[in-house]
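Enquirer: Sending over a structure as structure tokens; questions will come in a sec.
Here, each number is a calculation from the coordinates, and none is a lab measurement. Because the structure is predicted, anything quoted here is derived from the model rather than measured. Counting neighbours? That spans all protein chains shown, and the Cβs are built from the backbone with ideal geometry, glycine included.
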Amino acid sequence: MDVAAALTAALGAEAVRDGDSERDLHGVDLTFHEPRRPDLVVYPATTDQVAQVLAIANERRVPVTPFGVGTSLEGHVIPVHGGISLDLSRLDRILEISPGNLTATVQAGVTRMALEHATAQHGLFFPVDPGADATLGGMAATNAAGTTTVRYGKMRANTLALEAVLPNGRTIRTGSKAAKTSAGYDLTSLLIGSEGTLAAITELTVRLHAIPEQAVALRISFPDIESACRTAAGIVAAGAGVTRIEFLDAWYVAAVNAYSGTSFPEGPCLFVEAAGSEDLVLGDLELVQAIAADEGATEAVHERDPTARAKLWKARHDVTHAIAARFPGRKERATDGGRAARPRCRHRRARGRRQPPRRRPDRPGAGGALRRARAPDRRRRARPGRHLHRRARDRARQDRCAGAGARRPDSADAGDQACVRPERDPQPREGAAGCRGRRLVGSGRSG
């Protein structure tokens, strides 16, 4: 029996699809990653059905890729090896909302907005806000963040327990509803952010928070990017209890204005929001404005009306779509700024080729003559773990000195010290030829 027949027998014909439109929908996301259609799309409705799918696929060595609603920016929902796309959108029940424990237990296919509407009836809300109306299971799989991360953290900090199905079809439960526990391995944190590579998440217990009494947004404009960044860092360092703080440069603001119909000044700006009691919000915003004024802020506009505040944050969430509209036909590539901006290693540039001649007109006597740079010394080339070998070599030399009657220096930084010999015997003994006339220095070279 082939895979499609086995899945149809286990779940029914309605749950197994192989049409072109279904496969195309589950073979692409919002990013630049190359689309790849799965061979089958399966729609389980319970955890037991998820376990059956994974067991059948494991027995036949067929790859399985979990899928939520396709709003991911990581590319992990694309089945690069074909196989089965496991669509969990039918696991969409909110199992429990516990106002007393400030928790909610939901299936993986429940969307963020569905949970928001259900918890609002109890005066509670779920704080992680990535912008898209993603499923809670997908948000856990990617350790999703959002505009409220500065106050509440990402999905890992807001998830207490999980139910997941391992690749062999075994169902496990991790964590508990207890907010303070350290018993056993922290498998919950391991599965969150694993992007469906370790297990298929089917159920979550998440933290809830009380809806604040008041929330005020603040849009602050700056003359340059540096002053806006210093302000953001200063706000966090000063301990201001803001719930959101987001930076947009002039290019992004222009794109947002064109896409969302807003009229924000096209310059670097911060979107800040404070929430809580009226006195607390007032104090936090006064602190934020004082820090911004010290950094040369040119404008600060308060948004107290809920509609205006929602419009402000919707404009921030629409940045991805605004960029796509500005560059039709192009795809977004999400990356960490620090990684993308990291320069190449200078040793790697020098490896394998000579450096070009350089002019040294400021050197006395050089007269502007060309002076060829010294070719890279093979002994000094950067190698992985070179410093470890150097330390081991230096330590071995010191041990030889110690065995010949020398003593190590008392300083913890022995690598920057000479092998100090006893004062009673200033001359090297026999057998200590390895240390005669040499001095160990921090660079590992002999002087």
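Enquirer: With labels modelled as points extended 7 Å from the Cα through the Cβ direction, what inter-label distance (nm, one decimal) is found for ALA210 paired with ASP294?
Expert: 3.2
Enquirer: Cut-off under 19 Å on the C-alpha distance; same-chain residues fewer than 8 positions from LYS177 excluded. Which lysines are left, in chain and number order?
Expert: Hits, sequence-local ones excluded: LYS154.
Enquirer: Residue separation times 0.36 nm, minus the C-alpha to C-alpha distance between SER176 and ALA308: what's the value?
Expert: My answer for the length gained is 43.6 nm.
Enquirer: Fewest to most neighbouring Cβ within 10 Å: what's the order for TYR185, TYR252?
Expert: Lowest count first: TYR185, TYR252.
Enquirer: Using a Debye calculation, one point per C-alpha and no hydration shell, please list log10 I(q)/I(0) for the stretch 94-210 at q = 0.14, 0.18, 0.22, 0.23 Å⁻¹ in order.
Expert: With no solvent term, the Cα-only Debye profile gives -0.51, -0.87, -1.31, -1.42.
Enquirer: May I pose another question? Below 15 angstrom from the Cβ of ASP87, what's the summed charge of the other residues (Lys, Arg +1; Asp, Glu -1)?
Expert: Taking every other residue near ASP87 into account, the sum is -3.
Enquirer: Provide ASP249, ASP284, ASP279 in ascending order of the number of other Cβ atoms located within 10 Å of each residue's Cβ, fewest first.
Expert: Ordered from fewest to most neighbouring Cβ atoms within 10 Å, ASP249, ASP284, ASP279 come out as ASP279, ASP249, ASP284.
Enquirer: Just need the relative contact order of the stretch 1-82 here, percent rounded to a whole number, with Cα pairs under 8 Å and 6+ apart.
Expert: Normalised by residue count, the contact order of the stretch 1-82 is 36 percent.
Enquirer: Here's a follow-up. Between beta-carbons, use under 12 Å as the cut-off and find the net charge around THR8, counting Lys and Arg +1, Asp and Glu -1.
Expert: Counting the neighbours of THR8, the net charge comes to -2.
Enquirer: If you don't mind, there's one more thing I want to ask. Cα-based Rg (one decimal) and Dmax (whole number) for the stretch 214-326, in Å?
Expert: Looking at the stretch 214-326, its Cα Rg and Dmax stand at 13.5, 42 Å.
Enquirer: Can you put MET113, MET155, MET139 in order of Cβ neighbours within 10 angstrom, beginning with the fewest?
Expert: Ascending Cβ contact count within 10 Å gives the list MET113, MET155, MET139.
Enquirer: Round to the nearest 0.05 the FRET efficiency obtained for ALA9 and ARG93 when R0 = 35 Å and r is the Cβ-Cβ distance.
Expert: Computed FRET efficiency for ALA9 and ARG93: 0.90.
Enquirer: Then there is this: Suppose every K and R has +1 on its Cβ and every D and E has -1 on its Cβ; what is the size of the dipole of the stretch 3-87 about the Cα centre, in Debye to the nearest 20?
Expert: Computed about the Cα centre, the dipole is about 220 debye.
Enquirer: Something else: Treating only the Cβ atoms of Lys and Arg (+1) and Asp and Glu (-1) as charged, compute the dipole magnitude of the stretch 94-210 about its Cα centre; round to the nearest 20 debye.
Expert: The dipole of the stretch 94-210 has a size of about 300 debye.
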